[in-house]
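Peer 1: I have a structure I would like to understand better, so I am pasting it below and will then ask my questions one at a time.
The values are calculated or read from the model by the stated rules, or taken from the named source; none is laboratory data. Bear in mind the structure is a predicted one, so any value in this text is a computation, not a measurement. Counting neighbours? That spans all protein chains shown, and the Cβs are built from the backbone with ideal geometry, glycine included.
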Amino acid sequence: MADSSARAGVGVFAPWAAPWRATLLLVLGVTALRIVYLVWLCPYTLIEDEAHYWEWSRRPELSYYSKGPGVAWVIAASTWVFGVSEWSVRLPAALASGAAALCVAGLARDACGDGRAGFFGACVFLLMPVFQVVGLLMTIDGPMVACWAAACWAAWRAMERGSGAAWVALGAALAVGFLFKYVVVLLVPGLVWYALLRRGSGRRGAGWGWVAAGVVVGLLGVVPVAAWNATHGWPTVHHLLGHLGLPGGDVAPSGAEGGGWRYDPRWTLEFLGGQIGLVGAPLVLGFVSAVVAVRRRGESAWPGRAFLIVCGVPVLVVYVAVSFVTEPEGNWPMAGYVTVAALCGWGVVDAMDELLRRRAAWSALPRGERPWAGIVRRKPELHRQIAWDVSVVLGLVVGLGALRIDLLARAPLVGWMFPQGRLLGADERAADAAERLASLRERAGLEPFVIAQQYGRASQMAFYLPGRPTVYCASSLTAGRATQYDHWPETDLRSVEVTRALAGRPALLTGATIEQWRVAFDRVEPGPQLRGESKSGRLVFVGIGYRGFGAAEGDGAREGER
């Protein structure tokens, strides 16, 4: 808060940041620059997940094998309006990041009672490496984070201001967020925790009718996902269990081979280390701000700071616990850092106000009597101030460097530190594949097709091949896990109709092994890797005379030959 510095007569830090106008200009400016970058300057081809979600958008459904329908719906809307291109696929990510930053700012302003906290909360959000990435690449995470931020802001207004409309907005944000990523439900334990902390506080509630309305609206997000799964044998449940390495999943449990629970300490250590890389210095800024807030919990502004803490903790704790069962991915708990960013906004202005007061008192001393009062410098410093300075510097460096990793990868001595395989080469591989398909068409006199062992590569081929044809994925048939391709009638390689349509035709095959492909073709020939391939072990083959994968059991091939 600003009052301590004002009473000392030294002013407050960044008073210009208090009006909403400053935050709006910041967020709109960053969003506009990102869109300009995506349209005209971005060198990256679609990564595998982006291409796969675009494949989903070509076939709008109520839900999908591993995720809800939200990501497909927004990509479909964007490409319908602007046409199919890399930037139109990614446009929703930039817009979602801007919306999330505004919600973080609104939450920080309301919960901390200081407009400056909103501005700097948005700054911290935009500086976090993980949120910079999801603001440029179209995955499920960016829109889900925006919904999480909106839900937190609505929850604060509902629980502290007694707003009935905010309860409905909270339900709507959770419902929409669920359509993108199911992890949004982990916000609920934090809200319950906060409600328990604040019981008996005498707050004015909106009434149980509004709460019930919010619950009903929130449950609407489950309806399309449940409806689709009910008609497809609940594959999403099996996928989630498989992700967690639990029985009933679509992959064997982590302890299946040894007959029981198996734990590798590297899972937890690498997960925690990954959080440092994904969040950066704001992780320290948030931790120190939380410690300061807890120490000053007697202040009137404590409830807002407590809300920001308890909304982020459950999701982080859950995934630390998951690391004792299976190896989690570093980005899974990113939603927990939304309220951390808002807390950091308060931490910055609180620390800088205190720093102004200390430096004013220190400068008032005679020059020869000024003691060493800082951490790395003589003049007064604070841990939060240093963490903020580092957040700005590293955030800008990471953000600007991420725009052209391809150039950094060419730098002598340090280029190896910037892997670019996931970001580049999809168009080059598809161009090479198109040339091989043309040669195969001329050689066989039949229209060839493409089967990839991995769903991401299948999707990239579908996007970048001329005419954007149907591409098939054989993951579940070549010792991999099931994919969405297994649930579309026109791409399900187990289908009699698909086998009949492809029977006898040649194919370009990527991934897997020659033995795995031989069960489906009369003859399989190895070939050189595709141009632009970054993985040395990803082989390419030519299949002649498709029989169908049922040939290994004798059923599918006979069906396809009738």
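Peer 1: Cβ contacts < 6 Å: first residue farther than 9 Å from ALA175 by Cα, restricted to the stretch 213-226; second residue aromatic (Phe, Trp, Tyr), any location; separation 6+ or different chain. Result?
Peer 2: GLY214/TRP167
Peer 1: Taking the criterion of being of a type outside the set (D, E, K, R), out of contact with any helix residue (DSSP H, G or I) (no Cβ under 7 Å at 6 or more places or on another chain) and either at pLDDT below 90 or within 30 Å of TRP261 (Cβ to Cβ) (or both), would at least one residue in the stretch 328-351 satisfy it?
Peer 2: no
Peer 1: Hey, any hits in the stretch 278-289 for a residue that's in a helix (DSSP H, G or I), more than 20 Å from MET352 (Cα to Cα) and at pLDDT 90 or above? Even if it seems obvious, please write down each step before you answer.
Peer 2: Step one: filter the stretch 278-289 for residues in a helix (DSSP H, G or I), giving 278-279, 282-289.
If we keep only those that are more than 20 Å from MET352 (Cα to Cα) too, we end up with 278-279.
From what is left, the residues that are at pLDDT 90 or above are 278-279.
Checked against the condition, which is being in a helix (DSSP H, G or I), more than 20 Å from MET352 (Cα to Cα) and at pLDDT 90 or above, the stretch 278-289 yields at least one hit.
Peer 1: Still on this structure: Residues of the stretch 314-341 being surrounded by fewer than 22 Cβ atoms within 10 Å (Cβ to Cβ), out of contact with any Ser or Thr (no Cβ under 9 Å at 6 or more places or on another chain) and closer than 20 Å to LEU285 by Cα, which ones?
Peer 2: Of everything in the stretch 314-341, those that are surrounded by fewer than 22 Cβ atoms within 10 Å (Cβ to Cβ), out of contact with any Ser or Thr (no Cβ under 9 Å at 6 or more places or on another chain) and closer than 20 Å to LEU285 by Cα turn out to be PRO314, LEU316, VAL317, GLY330.
Peer 1: Give, as residue ranges, the helices (runs of 4 or more DSSP H) completely inside the stretch 43-131 that count at least 2 residues that are within 30 Å of GLY273 (Cβ to Cβ), among the hydrophobic types (A, V, I, L, M, F, W, C) and modelled with pLDDT of 95 or more. Break it down into steps so the answer makes sense when it comes.
Peer 2: Details: elements: 48-58, 70-82, 86-112, 115-127.
It comes to 86-112, 115-127.
Peer 1: When you go through (1) surrounded by fewer than 23 Cβ atoms within 10 Å (Cβ to Cβ); (2) closer than 21 Å to GLY345 by Cβ one by one for GLY106, which number turns out not to apply?
Peer 2: (1)
Peer 1: How many of the residues in the stretch 73-103 are of a type in the set (Val, Ile, Thr), surrounded by fewer than 20 Cβ atoms within 10 Å (Cβ to Cβ) and under 23 Å from the mean Cα position of the chain (by Cα)?
Peer 2: Adding up the residues that qualify gives 2.
Peer 1: I'd like the full set of residues that are of a type in the set (A, V, I, L, M, F, W, C) and closer than 14 Å to LEU400 by Cα, limited to the stretch 40-54.
Peer 2: Listed by number, the residues that qualify are LEU41, CYS42.
Peer 1: Which condition does VAL185 not pass, out of (1) surrounded by 16 or more Cβ atoms within 10 Å (Cβ to Cβ); (2) closer than 18 Å to VAL71 by Cβ; (3) among the β-branched types (Val, Ile, Thr), if it passes all the others?
Peer 2: For VAL185, the exception is condition (1).
Peer 1: Assess whether ARG505 counts as being surrounded by 14 or more Cβ atoms within 10 Å (Cβ to Cβ) and at pLDDT 95 or above.
Peer 2: Numbers: surrounded by 14 or more Cβ atoms within 10 Å (Cβ to Cβ): yes; at pLDDT 95 or above: yes.
Spelling it out, ARG505 is indeed surrounded by 14 or more Cβ atoms within 10 Å (Cβ to Cβ) and at pLDDT 95 or above.
Conditions tested, residue by residue: (1) in contact with a helix residue (DSSP H, G or I) (Cβ under 7 Å, 6 or more places away or on another chain); (2) at positive phi; (3) outside the structural domain of ILE309 (by TED's automatic domain parsing); (4) of a type outside the set (Gly, Ala, Ser).
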residue: LEU102; (1), (2), (3), (4): yes, no, no, yes
residue: PHE125; (1), (2), (3), (4): yes, no, no, yes
residue: ILE140; (1), (2), (3), (4): yes, no, no, yes
residue: ALA146; (1), (2), (3), (4): yes, no, no, no
residue: ALA151; (1), (2), (3), (4): yes, no, no, no
residue: VAL183; (1), (2), (3), (4): yes, no, no, yes
residue: VAL188; (1), (2), (3), (4): no, no, no, yes
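Peer 1: Which residue out of VAL398, VAL349 is of a type outside the set (S, T, N, Q), under 31 Å from the mean Cα position of the chain (by Cα) and surrounded by 19 or more Cβ atoms within 10 Å (Cβ to Cβ)? Reasoning before the result, please.
Peer 2: Details: VAL398 fails: surrounded by 19 or more Cβ atoms within 10 Å (Cβ to Cβ).
None of the others qualify; the one that does is VAL349.
Peer 1: Of everything in the stretch 499-535, what is free of Cβ contacts under 8 Å to residues at least 24 places away in the same chain and in a helix (DSSP H, G or I)? Give them in sequence order.
Peer 2: Scanning the stretch 499-535 gives ALA501, GLU515, ARG518.
Peer 1: While we're here: Tell me which helices (runs of 4 or more DSSP H) are completely within the stretch 292-407 and hold 3 or more residues being in the same structural domain as VAL192 (by TED's automatic domain parsing), or say none if there are none.
Peer 2: By residue number, 302-322, 337-363.
Peer 1: Which residue, of LEU424, LEU440, is farther than 17 Å from ARG505 by Cβ and either part of a strand (DSSP E or B) or among the hydrophobic types (A, V, I, L, M, F, W, C) (or both)?
Peer 2: Criteria check complete, one pass: LEU424.
Peer 1: Residue check: is LEU365 at negative phi and touching a residue at least 40 places away in the same chain (Cβ under 8 Å)?
Peer 2: Judged against the criteria, LEU365 is not a match.
Peer 1: Of all residues in the stretch 456-479, how many are among the small types (Gly, Ala, Ser) and not in a helix (DSSP H, G or I)? Quick ask: steps written out before the conclusion?
Peer 2: Going through the stretch 456-479, the residues among the small types (Gly, Ala, Ser) turn out to be 456, 458-459, 462, 467, 474-476, 479.
Applying the additional criterion that residues be not in a helix (DSSP H, G or I) yields 467, 474, 479.
Residues meeting the conditions: 3.
Peer 1: Which number in (1) under 21 Å from ARG109 (Cα atoms); (2) without any contact (Cβ under 8 Å) to a residue 40 or more places away in the chain; (3) not small (Gly, Ala, Ser) marks the one condition that VAL188 misses?
Peer 2: (1)
Peer 1: Now for a different question. What tally of residues in the stretch 519-553 results from selecting those that are of a type in the set (Ser, Thr, Tyr) and either crowded, with 19+ Cβ neighbours inside 10 Å or not assigned by TED's automatic domain parsing to the domain that holds ARG457 (or both)?
Peer 2: 1
Peer 1: Turning to a different aspect of this structure: Quick check on my filter: what residues within the stretch 480-497 are under 28 Å from the mean Cα position of the chain (by Cα) and assigned to a helix (DSSP H, G or I)?
Peer 2: Within the stretch 480-497, GLN484, TYR485, ASP486, HIS487 meet the criteria.
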